[in-house]
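This report refers to the structure that appears directly beneath it.
The values are calculated or read from the model by the stated rules, or taken from the named source; none is laboratory data. Please read all numbers here as calculations on a predicted model, not as lab measurements. Reconstructed Cβ throughout: ideal geometry from the backbone, glycine too, with neighbour counts over all protein chains shown. Accessible surface is based on the protein model in full, side chains and every heavy atom, while ligands, DNA and RNA are left aside. Shrake-Rupley method; radii C 1.70, N 1.55, O 1.52, S 1.80 Å.
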Amino acid sequence: MESTLLNMELLEKEIQSYKDEVIALRRDFHRHPELGTQEFRTAEVVEQYLNDLGIPTQRMYTTGVVGLIKGAKEGKTVLLRADMDALPVHEETGLDFSSENPGVMHACGHDGHTAMLMVAAKILKKYENELTGNIKLVFQPNEEEEGAKFMIEEGVLENPKVDASFGVHLWSQIESGKVGLQAGPIMGEMFIFRLTVKGKGGHSSAPHEAKDPVPCAANIVTAAQTLQTREISVLDPTVIAFGKIISDGSYNALASTVNMEGTLRYVYDGSDDTPQHPRKRFRRLVDGICAAHDMEYDLELVPSSYSVINDEASVDFMKENVLPHFVDASQVQPYSCLAGEDFSEFINRAGVPGAFVFIGTGNKEKGTHYPHHASNFDIDEETLLNGVSLHVYTALEFLK
Ligand SMILES: [Zn+2]
Ligand SMILES: [Zn+2]
């Protein structure tokens, strides 16, 4: 036991010694952001880095990179995951390592995630002779839409078979130094909706001779907002947000169609097939309002991510065996939100036990408290080592 503790002290020093490297890697990715499924440069940098360390890699879902550290003794396999994709956002941070790819920005912190797992891999590789079991390092493309699902289809959970999965997100809505972790549903289920309300165009002086879809569309927007309080309890978080509404009319011509796009988010309620489900209620509402206005419509509901649900045993393991290595218990807080995250594919849809952890990176003085996906979003680089520690201690403790 004593020698383990001593090792851990040395390990802590070792982790600290990688501060400059993890920051430099993050800044390099930040400068060269790539959209989901197009992470070609990022994947090459990751692959080269792992191969230089002697870690064999495999490509999955084109830009996904999977590295494997095989322990000296046979045992379980733990999966550590980082996502690599950026967003179609025009960066306005003014950082000297701002995006060099106009209109694309690492506005969710995935640049940090990639850097953290790379450095963790470097450290863990040195311990392979002491490991009982394997570490699978998963660098995933296209988290913002769906990437995990396709890597699973291509076998990321097999050869060797994965026994547990852990993921992390740097989170600007949690203060730097703190960690957000709790059992149960922690992130929202998200469906993208695409709705077209179809009427008939005409002269704006004689709307009765046309079939104007605009009032109908406007009605849908306002009525949808009542679903989340008048039909669904306010204690069951639900958000229906319209991000885009475009008609094909002009100032003096009535539209024939209105295209609307948005998201439907809620915490998984286990009732996919009941009429009470938010998706079913939304469809019913669209159907009813279009009927009332005598409009045709097309409604497409596209699954993006399912609720992330942390299992209790994995959360206890993190709290008892992993977090105490680098964060005081008083800094660990329960946290949940409605953002989507396809890590749910690993721990919920595929049923591998595991947990998803939020690493606080919000610091008002440094200006890293802005929301994710905003053009002025930034992370507190001081917290990158917390992410490295999380990966390193998770793997070492799980395979102990
Ligand atoms: Zn995001
Ligand atoms: Zn994200």
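Figures for the structure shown
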| quantity | calculated |
| --- | --- |
| Residue 246 - accessible surface, heavy atoms, 1.4 Å probe, Å² rounded to 10 | 90 |
| 361, 62, 132, ranked by accessible area, largest first (probe 1.4 Å) | 62, 132, 361 |
| 25 °C / 0.890 mPa s Stokes-Einstein diffusion coefficient of the chain, Kirkwood radius on C-alpha pairs, µm²/s | 109 |
| Within region 344-397, trypsin sites (Lys or Arg not before Pro) in DSSP loop having at most 15 other beta-carbon neighbours inside 10 Å | 364, 366 |
| Exposed GluC sites (Glu not before Pro) absent: longest stretch of the chain, with sites in DSSP loops and at most 14 other Cβ within 10 Å deemed exposed | 159-364 |
| Tensor-based shape of region 189-305 (alpha-carbon gyration tensor, a/c under 1.5 rounded, otherwise prolate or oblate) | prolate |
| Coil-residue trypsin sites (Lys or Arg not before Pro) of region 101-175, DSSP, other Cβ within 10 Å capped at 11 | 161 |
| Charge sum, other residues only, whose C-beta stays under 14 Å from residue 100's C-beta, Lys/Arg counted +1 and Asp/Glu -1 | -2 |
| Tensor-based shape of region 306-400 (alpha-carbon gyration tensor, a/c under 1.5 rounded, otherwise prolate or oblate) | oblate |
| Prolate/oblate/rounded call for region 15-56, Cα gyration tensor, a/c under 1.5 rounded | oblate |
